[in-house]
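Notes for the one structure printed next.
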Amino acid sequence: MADKNYDDLIQKLADIAQIYIKINQEFRARAFSGAATAVQFKQNAGQILPNTEKELKKIPGIGASTAKAIIEWQQSGQIQRLLELREKQKEEIVPVAQPQLTAAEIEKVNSIALFETIHGVGEKTAEKWYAEGLRTLDDVQTYKVQILTHAQRIGWKWYHHLLQRIPRTEMDTYHSLLGQALGNLRWEIAGSYRRDLPDSGDVDILIEAKTGYTLDHIVQHLIAQKLLVDKISQGPTKYMGIIRLSPQHIARRIDIRWIPAISWWPALLYFTGSGDFNKRMRAIAKSQGYILNEYSLSIEANDQIIAVNSEQDLFAALDMDYLTPAQRYE
Ligand code: DCP
Ligand code: MG
Ligand code: MN
């Protein structure tokens, strides 16, 4: 029977090793568990541990750092490293278990995301199709007659075309072609093109309504020019369709808005975006008692419309520094 009991020391060395394993410090874990074994061996043999680092290190299984820890224990009954490791462990965030998706749930998420890549298909439609048993684009092809609305049918027809963004050089071509087609009407390509982005998702066109003309006149003209190749929807002020430079080119989405003169500047501001920038500017307007939308800037209390003659006027009315379209990213 040794006159010194090392059970507490062995336990503490083993505890340190265990924490090191948990925090993936293999090497240190091995040093401390080796030291715990060495001390156990000494105790079993009825031997007393030396009290200098130099002598301790001569014992197989005890190294420099574990020798220091043993001396600390001999002097104070504690090992600072263990106290610190326990403290550190408390601070560590317990990882929240990630919900594991079942194979069926993964299939559902994937199918729905896939369906939503079809222009005109939103979350609601995609979920409905999934509930009805559709899973793949082949299924969409099989059941297209039963399931597709007119707009979705156009989205399906041009599926591979509409997945691609429009390079700015092609947008420039539309710009010059539309310039010729629209003669001396006031018009702009708004959206990402006006914000100077290198590519665009679609062509967003604003045309100022001119007495004696209708949006349908313009549409018919662009169809005759073989630019518009498919219609998604058309009303008196809004046309949505497909535009294509030639049968050899990729087909693109186009939105055309027919804007009354009074709304020209608010409409240009709105359709230039970005969407995030619009949200921010509308919130600023609201905080000052105004309502800003695509039709006008007005006083909320009495619906009075603020007359403006430029985008600069709209910024100035809200005490905002003017931002060029390219600066309107948020
Ligand atoms: N817009 C908006 N809020 C929406 C949708 C549109 O404020 N929910 C405005 C800002 C957009 C503009 O209309 O810039 C045109 O809409 P687009 O969806 O065509 O967006 P962009 O032209 O900015 O981007 P993309 O290049 O993807 O067409
Ligand atoms: Mg756009
Ligand atoms: Mn658009």
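Residue by residue through region 142-171, note down the ones that are within 15 Å of ligand 2 (Cβ to nearest atom) and over 25 Å from the mean Cα position of the chain (by Cα).
Listed by number, the residues that qualify are E170, M171.
If we keep just the residues of region 138-173 that are more than 20 Å from L227 (Cα to Cα) and among the hydrophobic types (A, V, I, L, M, F, W, C), which is surrounded by the fewest Cβ atoms within 10 Å (Cβ to Cβ)?
V145
Kindly state which helices (runs of 4 or more DSSP H) lie completely within region 226-330 and contain at least 2 residues that are under 15 Å from I205 (Cα atoms) and modelled with pLDDT of 95 or more.
Result: 264-272.
Given the structure, is E107 within 30 Å of L9 (Cβ to Cβ) and not assigned by TED's automatic domain parsing to the domain that holds A251?
no
Let me spell it out: the conditions are (1) surrounded by fewer than 18 Cβ atoms within 10 Å (Cβ to Cβ); (2) within 16 Å of ligand 3 (Cβ to nearest atom), and P260 meets all of them except one. Which number is the exception?
Tallying (1) surrounded by fewer than 18 Cβ atoms within 10 Å (Cβ to Cβ); (2) within 16 Å of ligand 3 (Cβ to nearest atom), P260 fails exactly one: (2).
Is it fair to say I189 is of a type in the set (A, V, I, L, M, F, W, C) and touching a His at 6+ places or on another chain (Cβ under 6 Å)?
Yes.
Can you name every residue in region 12-28 that is within 13 Å of L82 (Cβ to Cβ), without any contact (Cβ under 8 Å) to a residue 40 or more places away in the chain and not polar (S, T, N, Q)?
Answer for region 12-28, where residues must be within 13 Å of L82 (Cβ to Cβ), without any contact (Cβ under 8 Å) to a residue 40 or more places away in the chain and not polar (S, T, N, Q): A14, A17, R28.
Just name the residue that is surrounded by the most Cβ atoms within 10 Å (Cβ to Cβ) out of those in region 174-190 that are touching a residue at least 24 places away in the same chain (Cβ under 8 Å) and farther than 20 Å from E311 by Cβ.
L178
Are any residues in region 282-330 surrounded by 12 or more Cβ atoms within 10 Å (Cβ to Cβ), in contact (Cβ under 8 Å) with a residue 12 or more places away in the chain and among the small types (G, A, S), and if so, which ones?
Of everything in region 282-330, those that are surrounded by 12 or more Cβ atoms within 10 Å (Cβ to Cβ), in contact (Cβ under 8 Å) with a residue 12 or more places away in the chain and among the small types (G, A, S) turn out to be A285, S296, S310, A317.
Of the numbered conditions (1) within 36 Å of the chain's Cα centre (by Cα); (2) among the charged types (D, E, K, R); (3) loosely packed, with under 15 Cβ neighbours inside 10 Å, R194 fails exactly one; give the number of that condition.
(3)
The conditions are (1) within 15 Å of ligand 2 (Cβ to nearest atom); (2) free of Cβ contacts under 8 Å to residues at least 24 places away in the same chain, and Y193 fails exactly one of them. Which is it?
It fails just one condition, (2).
The values are calculated or read from the model by the stated rules, or taken from the named source; none is laboratory data. If you're wondering where the values come from, they're calculated on a predicted model, not measured in any experiment. No Cβ is skipped: glycine too gets one built from the backbone with ideal geometry, and neighbour counts run over all protein chains shown.
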